[in-house]
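Trainee: Got a structure for you, written out below as structure tokens; questions coming shortly.
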Amino acid sequence: MRQYGWITMVILVGLLVQACGPQFETRYSYAPPPTDAGKLCATQCQTVKTYCRRTCAAEEGSCKAQQQSRAQYDYDQYVRKQQAAKREIERSPNSFLSYGACSTGGCNENCDGDFRICYSTCGGQVQESVVCTSGCEDVQPVQPVQPAYRPAQPVREDRGPQTSSLCRKGAKVEVFSEGDWYEAKVKSLPLRNGRCPVHYIGYDDSEDEDVPLTDMRRIGE
């Protein structure tokens, strides 16, 4: 027991040292697209992001439900073993429960990253900066980072936002899949989840799929 006490003390000291150090956070600011078409495109990006985050939350809920069922099963097994050995039941179902695998942090970060790419594609600008949030007394001011995302091309009113023009029924595009680019034809307008239905030219209809706009480009780009 003494050995475990020392290990616990070392861990606590490490956590205290880490907590006393400066803590930084990356923040983003957004400059909207200059055109009405670009602003509409950016709004669509926000809708896709909201849907993406809701999907993350739903997956987290499903994961937690599975973990609860597993914890109850493990607890029942434990109770049977304890009763068979005529030992006291000292643990509760919650002691078998762990939600560590159900975190949505990575999923939400992917949603936010896709949103920033989409936003810049629509003609907006995304400014990234690193901010000290705690333990900042001895920290030198952090210089703002250069814009992380710039619009690849200005969005023009006469042809609409790039994302919309890519996913236009009948448009021929190239889709990045399995490490290579394939020629495809757009089947319809973007779906509610932001993906674009495509048919790969020269392939059977069973190969059709809904792909992210970020995996699409105009032929020849």
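Trainee: Round to a whole angstrom and tell me the spacing of the C-alpha centers of segment 164-191 and segment 23-53.
Mentor: About 23 Å separates the Cα centre of segment 164-191 from the one of segment 23-53.
Trainee: Right, something else. Once Lys and Arg get +1 and Asp and Glu get -1 on their Cβ, which of LEU189, THR214, HIS199 lies farthest toward the positive end of the dipole of segment 167-221?
Mentor: The one lying farthest along the dipole's positive direction is LEU189.
Trainee: Here's a follow-up. Using only alpha carbon positions, build the gyration tensor of segment 167-221, then give the equivalent ellipsoid semi-axes as the square roots of 5 times its eigenvalues, largest first, whole angstrom.
Mentor: After diagonalising the Cα gyration tensor, the semi-axes are 15, 13, 11 Å.
Any read-out appearing in this document is the output of simple, stated calculations on the displayed coordinates, not a laboratory observation. Predicted, not measured: the structure shown is a model, and the values here were computed from it. With ideal geometry, Cβ positions are generated from the backbone for all residues, glycine too; neighbour counts draw on all protein chains shown.
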